[in-house]
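Presented below is the structure to which this report refers.
Coordinate-derived values only; no laboratory data. These numbers come from a predicted model, not from an experiment. Positions of Cβ are generated from backbone atoms using ideal geometry, with glycine treated the same way; all protein chains shown enter the neighbour counts.
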Amino acid sequence: MFETSKVGGGMTIWALYDEGLMRNDLGYTVDNQDNKAADGIAGPSAEKKGSSNAVREIWSPVVIANNKIDANFDGFLQVHNKFSFVNLNQCTINWKLIDFANPDAASNGHRTIKTGTVNKANIKAGEKGQLVVTLPNSFIKNDALVIEVFDNQGRLVYDKRLPITEPKNGFRVSENKAFVQDKKDAFTFHRGKTTLRFNESSGILVSVLDNDKATSLANFPFLTFKADDVSINNQTTSTSKATITKQENQFIIEATNTKGFDTLKWTLKANGEIALDYAYTLTKSKYHYSGIGIEVAAKEVNRKRWLGEGPWRIYNNRTQGGILDVYAIDKKINIPGQVYNGPEFEGYFAPWHWAVFYLTNNLNVGFKNKTDVTLGVLNPVNGNDPKKATWHYPKQEGFFFFDEISAVGSKWKPAKVFGPDAQPILIEKQIKGAVSMFINWNKPSLKAERTKLEIE
């Protein structure tokens, strides 16, 4: 808004640090007196926050407009030189082709496959132009193109990762084995040691069993939303009759007008993929968030790995700052202004391609994003007396797939005063989405024989 305005003068960031005191009488923890001094974009000891990376991206002196490339990429990237005095030909710009780790890999992050340097571009300060990137013909086989810009002082000022179509690494199943319908209950299905039980009236996945033992995964999907107008009502209790059909080696379970959904469609595939397509129509109004969820006991969640822009959580009015990569984080509670152990484990995360959660009893649950939904992880905790620095989020424990997400406010002002991106979202049309789930997809039913091997 400031860049396009004829009258905007500028702005000030308040403040750089959370100005807390180290309390040796409180176990050497930082005391910000709750919200009185936790105003920074970095912690009291320069700990990074999501705001740190967001500010770095928003005020980057170089901006590339392209967000992804495909087989038709002609080597040109649209770039805006926002430096005040530096010509882009004074900068060094490198490119990399990278491949991301797989959902079941032992490693995280990515591998660099090839590197190169972008030819110097004569683009004056404040002007727009094109970068010419010469890639090998094999680039389409890689996951992403990385562009790194170093300024005339040799400092890295911009790092953008452009997916090449979509990342190609997926859930590599240990065996191709179709689901089997239970002989006594048509809405129960088995695959290896995994059992799925659906409700015949609603089509909801009511329970998941692992090795004949109940897990806390249940009630998938349930509709979750919060209207700005508390008087708004949506019907989420009525049910109908679900149907089952079989197509070759996969089962399809469908239901209409059930639990607030217009349609639910499950596809149980032979590779272990449990695909869900859903559609719902909410009462026309403005909403803080809307989406679907699956119940899970938070105490049973130990760790997550995911491919997406991270590692920090986002809000609708602070989506910037993420770097596309594979991240792994053990479960922890991060509390703004009180517990500095970022990046956060819980909250909104996007964009993302896949996510894996490691639960107790060696249960692995993976999800694949198919329609650009936002991932929601458990229930983020806020600090003591946050004033207006709050957000909206479901209270129920679980994993979520949001079609719309909440904005966040600041200490003295609610989110609504912070412009278009911070407003509740007007929902007036049917919403459609899709997500896939994988359960213990990388565990064979037979134990492998241990072999001793010596190499001289």
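Results, tabulated for the structure shown:
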read-out	value
log10 of Debye I(q)/I(0), alpha-carbon scatterers only, for segment 14-156 at 0.09, 0.19 Å⁻¹	-0.45, -1.10
Kirkwood hydrodynamic radius of segment 101-159, Cα pairs, Å	14.4
Overall dimensions of segment 116-225 as given by Cα atoms, namely Rg and Dmax in Å	25.5, 73
Difference of contour (0.36 nm per residue) and Cα-Cα distance, Val63 to Asn249	62.1 nm
Added length on full extension, which subtracts the Cα-Cα distance from 0.36 nm per residue, Thr390 to Ser84	106.6 nm
All Cα pairs of segment 1-72, percent lying beyond 17 Å	62
Surface/4 of the Cα convex hull for segment 47-125, nm²	7.9
Spatially near lysine pairs across segment 171-260, Cα under 26 Å, sequence gap of 8 or more or different chains	17
Förster radius 56 Å - calculated FRET efficiency between Thr92 and Glu397, Cβ distance, rounded to 0.05	0.70
Interatomic Cα distance distribution for segment 149-281, bins of 10 angstrom, percent	10, 31, 25, 15, 10, 6, 1, 0
Backbone N within segment 391-410 under 12 Å of label point (7 Å from Gln235 Cα along the Cβ vector)	none
In nm, spacing of pseudo-spin labels at Glu127 and Ala105 (7 Å Cα→C-beta vector)	4.1
Karplus (6.51, -1.76, 1.60) ³J(HN,Hα), θ = phi - 60°, over segment 229-242, in Hz, Gly and Pro reported as x	8, 5, 7, 5, 10, 9, 6, 10, 10, 5, 10, 9, 10, 7
Scattering profile of segment 270-379 at q = 0.14, 0.16 Å⁻¹ [log10 I(q)/I(0), Debye over alpha-carbon scatterers]	-0.64, -0.83
Derived scalar couplings ³J(HN,Hα) [segment 8-14; Karplus, 6.51 cos²θ - 1.76 cosθ + 1.60; whole Hz; x for Gly, Pro]	x, x, x, 7, 10, 8, 10
Fraction in percent of alpha-carbon pairs per bin - 20 Å, the chain	21, 51, 26, 2
Segment 234-300: Cα Rg divided by the 2.2 N^0.38 Å rule of thumb	1.35
